[in-house]
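Here is the structure we will look at, set down as C-alpha cells.
Read-outs: derived from the displayed coordinates by stated rules, not from any lab. As the structure is a computational prediction, the values presented were derived from the model and not from experiment. Cβ atoms come from the backbone with ideal geometry, glycine included; neighbour counts cover every protein chain shown.
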Amino acid sequence: MLTFVGLGLHDIRDLTLRGKEAIERADVVFAEFYTSRLIGLSPTDMSRALGREVRVLSREEVEDGRIILEEASSKNVVLLVAGDPMVATTHVALRIMAEERGIKTEIVHNASIVTAAPGLLGLQHYKFGRTVSLPFPQENYFPTSAYDFIAENFSRGLHTLILLDINPRPMTANEAMQILLDMEDRKKGGIFNENTLIAVVARAGSPDYTVRAGYMRDMMNEDFGPPLHTLVLPGNLHFAEAEALVKLAGAPRDIL
C-alpha cells in the first residue's frame, strides 16, 4: 500500500485526522519538500510531532520512485506532501507506477494553494486558467515558457496563479515581479509594466497570512514578510472580484 498524505499549507496542525490515522498505520513514512514545503514546520519538528521517524527524500528519489515502490511492495508506506498530494504531476506519475506494479494506492487530500490563493483574494476559482511555475533564472539560462502560458490565459481574460520557485530558497514576490518584467522586455507581449495589476498572497494557511493587490510600480517595493509567496495576475474582473480585491487585499479603488 502506498498512501499519499497531504499536509496542508502551514504546520502539523493542518494534518487531517485521516492523514494522522494513515501515518499511525504505516510501516514506513517518507516525505518530500521540493515541490512545496511547510514554512511553519521543519522535518525534525515533524518527526517529533508525529512521534516517529520520517525520511525526507530528494527530488531524484521521488521521481525515480524505486525506494518508495520497493518498500510499498510489501509494507504500508506513506508519502507526506505539503499541500494536496495530487496537485504535483510528479505524484500522479508515482501513483501510476505503483498501480502498474500491483501496489494499491490511496490519497488523503488537504488544502492547496491552488484553492487557498483565490479564496483569500476573493477571486472566482472557475475564472483561472493554467497555473504556471516561475523558476529562478540561471547563468546562461532564462526560461520564458511561463510568460507564454500567462499570455494565453491573459488573452482569454483568465486569472493566472503563479507559483514561485523554492529551490535553492523561496523566491520572494518582489523577485518574481522583477523576473516577469525582465521576461516582458524579452517577449514584448504587453502584459507586464508598472501599471499592471498584480496580487500577492504570502504565507497562505498561517495565522499571519498577507494578501495585497495593487499596481506593480507600488507592489515592487512592498515588504510582504517571510515566505512562502504566491502571485496572481488577474484577468477580466467581475465587479464582485474587483470589490473583493479592494476590500480584502487593499487594491486601489480605481479598479472598480
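With axes computed from alpha carbons, what is the tilt in degrees of helix 239-249 against the longest principal axis of the chain, rounded to the nearest 10 within 0 to 90?
70
Convert each backbone phi in the range 59-66 into a coupling constant with the Karplus relation 6.51 cos²θ - 1.76 cosθ + 1.60 (shift: θ = phi - 60°), then list the ³J(HN,Hα) values in order as whole Hz, x for Gly and Pro.
For the range 59-66, the Karplus curve yields 4, 4, 5, 6, 5, 5, x, 4 Hz.
Expressed as a rounded percentage, what relative contact order does the range 160-256 have, with Cα pairs under 8 Å and six or more residues apart?
Here the relative contact order equals 33 percent.
How large is ³J(HN,Hα), in whole Hz, for each residue of the range 21-38 in order, when computed from phi with the Karplus curve 6.51 cos²θ - 1.76 cosθ + 1.60 and θ = phi - 60°, using x for Gly and Pro?
3J(HN,Hα) across the range 21-38, in whole Hz: 5, 5, 5, 5, 7, 6, 7, 9, 10, 10, 8, 9, 9, 9, 6, 6, 8, 9.
About its Cα centre, what dipole magnitude does the chain give when the only charges are +1 on Lys and Arg Cβ and -1 on Asp and Glu Cβ, stated in debye to the nearest 20?
In debye, rounded to 20, the chain gives about 460.
From the convex hull of the Cα coordinates of the chain, what is the mean projected area in square nanometres?
Value for the chain: 14.3 nm².
Once you've got the GNM for the chain with C-alpha springs shorter than 10 Å, pick whichever of 205, 51, 83 has the biggest mean-square fluctuation.
Comparing 205, 51, 83 in the GNM, the peak value goes to 51.
Any aspartates and glutamates with Cα under 17 Å of the residue 188 Cα? List them, leaving off those in the same chain fewer than 8 positions away.
148, 152
How big, in percent, is the set of alpha carbon pairs in the range 132-256 lying more than 21 Å apart?
Here the long-distance tail beyond 21 Å is 36 percent of all Cα pairs in the range 132-256.
Name the GluC sites (Glu not before Pro) in the range 1-85 that are in a loop by DSSP and that have at most 13 other C-beta atoms within 10 Å, would you?
Taking the range 1-85 and a limit of 13 other Cβ atoms within 10 Å, the loop GluC sites (Glu not before Pro) found are 53.
For the range 1-124, what is the relative contact order in percent, using Cα pairs closer than 8 Å and at least 6 residues apart in sequence?
Relative CO of the range 1-124 lands at 42 percent.
Angle check, please: helix 89-100 long axis (alpha carbons) against the longest principal axis of the chain (alpha carbons), in degrees 0 to 90, nearest 10.
Once rounded, the angle reads 30 degrees.
Connecting C-alpha atoms closer than 10 Å in a GNM of the chain, tell me which of 224, 239, 33 has the biggest fluctuation.
Of 224, 239, 33, the most mobile in the Gaussian network model is 239.
Going by how many other Cβ atoms sit within 10 Å of their own, how do 160, 90 line up, fewest first?
Lowest count first: 90, 160.
Quick one: Cα centre-to-centre distance for the range 176-224 and the range 136-167, in angstrom?
For the range 176-224 versus the range 136-167, the Cα centre distance is 12 Å.
In degrees, nearest 10, range 0 to 90: what is the angle between the Cα axis of helix 145-155 and the longest Cα principal axis of the chain?
60
Name the GluC sites (Glu not before Pro) in the range 128-182 that are in a loop by DSSP and that have at most 16 other C-beta atoms within 10 Å, would you?
139
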